[in-house]
Amino acid sequence: MEATTSWLGPGMFVAALASLLLGYPVTFALGGVAVLFAGVGIAVGAFDGVFLTAMAQRVFGIMGNFTLLAIPAFVFMGAMLERSGLAEQLLEAMARLLGRMRGGLALAVVLVGALMAATTGVVAATVITMGLISLPTMLRHGYDKSLATGVITASGTLGQIIPPSIVLVVLADQLGISVGDLFIGSVIPGLLMAGTFALYVLVIAHLKPDLAPPLSPSDTSRSLWDDLRQAAPLVGPPLALILLVLGSIFFGIATPTEAGAMGAGGAMVMAAWNGRLTLRTMGEVADNTLSTTSMVMFILLGSTAFSLVFRGFDGDRLIADLLLRLPGEAMGFLSLNMVTIFILGFFIDFFEIAFIVVPLFAPVAQTIFGPEALVWYGVIIGANLQSSFLTPPFGFALFYLRSVAPPQVTTGHIYRGAIPFILLQMAVLVLIILFPQLVTTLPHLVA
């Protein structure tokens, strides 16, 4: 490409970033920049129009992508479970069961958060639901405001890494790997993350008992056996749903898309069992599913147009050359990845990160680490996104809780509460990077 037009590729990237920062919708920012620069490129003779003719085939390819059908299925499942009253019942039962011990309420939030992550995979729904139900209860029983808010926001973000996560579905599609492999590979890191949170709660409650007192005797007047009998039928259905969805994927009985459809059906059964399966509920769930899926597809279409034109200007080669020449080789490339995605997670949603940034990094990651390491790479990205969604001052999970927190809980309480859990998440992320076996062991066993 001539020197006079070599600026077009980098200029596209800068223009797209500026459009996003100015607040334009992602799909129109990407698509609009693509059309504008394609016109400029054709006018100056620096762009081969054959890339534009490929757009129609790309669109039909996206619409026919069987893997992406898992997105509406899992969104429907999560929305249906959110409206089934499952979270409220689980939190109440687990709080009574564990409330006898110091930190028991916080531990219940972590366990329910992990369980909801494995059934809904929706961060916003989990954080808001637990914020509405558990935060007032924890404050009423003398919990420290920062600890209470930190536990809720951290547990809510587990939906980013514990399958079936919509984040993982999108990442698998963009990395060109199996959704099932990415689900299986994220199981141990997800459980490790949840276990780390639970261990922290127990340790801090032991070291500083005033931060997380047990329930008063009047709140635990019933026997432990009675609480166990009440909790068992509430925990059983979501566990059965998890086994249905993830078990069918792990053992090769169903594809992730088929498992998502089974999960959606199972969620409807659970809602009917709780007496919540009404026409109004079905309408709200369908509307939620349609709006989320449409948003994802439009972003994907805009990013596809952007990537086609960007490649027409050899922008992908420019990015690859820059990334391959970074100091530190593999660790230098991985460090830049993690810092870039972590910072972008402050400002834009994971869909935008997956459709804009990941396609630029993925080919270089495959060159440096090899195709067999892309599952590990995808899990690292998911865990990193989880940390960025919890980090002040722009973490999405913090804003979700702020929207439903009572007046006595300030933004400062929420920010301070998140910091220990961010450090825990980063520690787990480092472990995943240093010990890839945490990700690769289960996929190799299942293969």
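The values are calculated or read from the model by the stated rules, or taken from the named source; none is laboratory data. This structure is a prediction, so every number in the text was calculated from the model and none was measured. Neighbour counts are summed over all protein chains in view; Cβ atoms, including those assigned to glycine, are modelled from backbone coordinates with ideal geometry. Note: areas computed on protein heavy atoms with side chains; ligands, DNA, RNA excluded. Shrake-Rupley method; radii C 1.70, N 1.55, O 1.52, S 1.80 Å.
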| field | Of all residues in the range 331-343 being open to solvent by 10 Å² or more (accessible area, probe 1.4 Å) and of a type in the set (A, V, I, L, M, F, W, C), the one that is nearest to T157 (Cα to Cα) | value | F342
| Residue list for the range 180-199, restricted to those being more than 14 Å from the chain's Cα centre (by Cα) and closer than 19 Å to A254 by Cα | G180, D181, I184, G185
| field | Selection count where residues are in a helix (DSSP H, G or I) and either more than 20 Å from the chain's Cα centre (by Cα) or without any contact (Cβ under 8 Å) to a residue 12 or more places away in the chain (or both), scope the range 395-413 | value | 4
| said: Which condition from (1) open to solvent by 30 Å² or more (accessible area, probe 1.4 Å); (2) at pLDDT 80 or above; (3) assigned to a loop (DSSP other than H, G, I, E, B); (4) not hydroxyl-bearing (S, T, Y) is the one that L390 breaks? | reply: (1)
| request: For residues that are at pLDDT 85 or above and open to solvent by 30 Å² or more (accessible area, probe 1.4 Å), scanning just the range 141-161, find the one that is nearest to the chain's Cα centre (by Cα). | output: K145
| said: Any residue in the range 268-290 that is within 11 Å of R83 (Cα to Cα) and part of a helix (DSSP H, G or I) sitting within a Cβ distance under 7 Å of a residue that is modelled with pLDDT of 85 or more and open to solvent by 60 Å² or more (accessible area, probe 1.4 Å)? List the pairs, counting only those 6 or more apart or interchain. | reply: M268/L277; A271/L277
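Condition check ((1) touching a Phe, Trp or Tyr at 6+ places or on another chain (Cβ under 8 Å); (2) surrounded by 13 or more Cβ atoms within 10 Å (Cβ to Cβ)) across all residues:
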residue	(1), (2)
L290	no, yes
F298	no, yes
S303	yes, yes
S307	no, yes
D314	no, yes
I319	no, yes
L323	yes, yes
L326	yes, yes
E329	no, no
| said: Suppose we filter the range 212-222 for residues that are at pLDDT below 80 and open to solvent by less than 50 Å² (accessible area, probe 1.4 Å); how many remain? | reply: 4
| request: Would you confirm whether any residue within the range 344-365 is free of Cβ contacts under 8 Å to residues at least 24 places away in the same chain, within 29 Å of T293 (Cα to Cα), among the aliphatic types (A, V, I, L, M) and open to solvent by less than 40 Å² (accessible area, probe 1.4 Å)? | output: yes
| message | Residue under question is L239, and the condition is that it be in contact (Cβ under 8 Å) with a residue 60 or more places away in the chain, over 14 Å from G78 (Cα atoms) and either open to solvent by less than 60 Å² (accessible area, probe 1.4 Å) or outside any helix (DSSP H, G or I) (or both); does it hold? | response | no
| Counting only residues that are within 24 Å of A267 (Cα to Cα) and either part of a helix (DSSP H, G or I) or free of Cβ contacts under 8 Å to residues at least 12 places away in the same chain (or both), how many does the range 154-170 have? | 11
| task | Check V187, V203, V269, V245 and return the single one that is under 29 Å from V358 (Cβ atoms), out of contact with any strand residue (DSSP E or B) (no Cβ under 7 Å at 6 or more places or on another chain), modelled with pLDDT of 80 or more and open to solvent by 10 Å² or more (accessible area, probe 1.4 Å). | result | V187
| Name the pairs whose Cβ atoms lie under 7 Å apart, with the first residue in the range 176-195 and within 17 Å of G156 (Cβ to Cβ) and touching a residue at least 40 places away in the same chain (Cβ under 8 Å), the second of a type in the set (S, T, N, Q) and open to solvent by less than 10 Å² (accessible area, probe 1.4 Å), and 6 or more positions between them or separate chains? | M193/Q425
| query | Residues A46, A38, A34, A73: which one is under 24 Å from I128 (Cβ atoms) and either in contact with a Leu (Cβ under 9 Å, 6 or more places away or on another chain) or at pLDDT 75 or above (or both)? | reply | A73
| request: Filter the helices (runs of 4 or more DSSP H) completely within the range 8-118 down to those with at least 2 residues that are crowded, with 23+ Cβ neighbours inside 10 Å. | output: 8-21, 26-43, 70-82, 86-98
| said: Taking the conditions exactly as written (under 20 Å from L191 (Cβ atoms), modelled with pLDDT of 75 or more and β-branched (V, I, T)), does V122 satisfy them or not? | reply: no
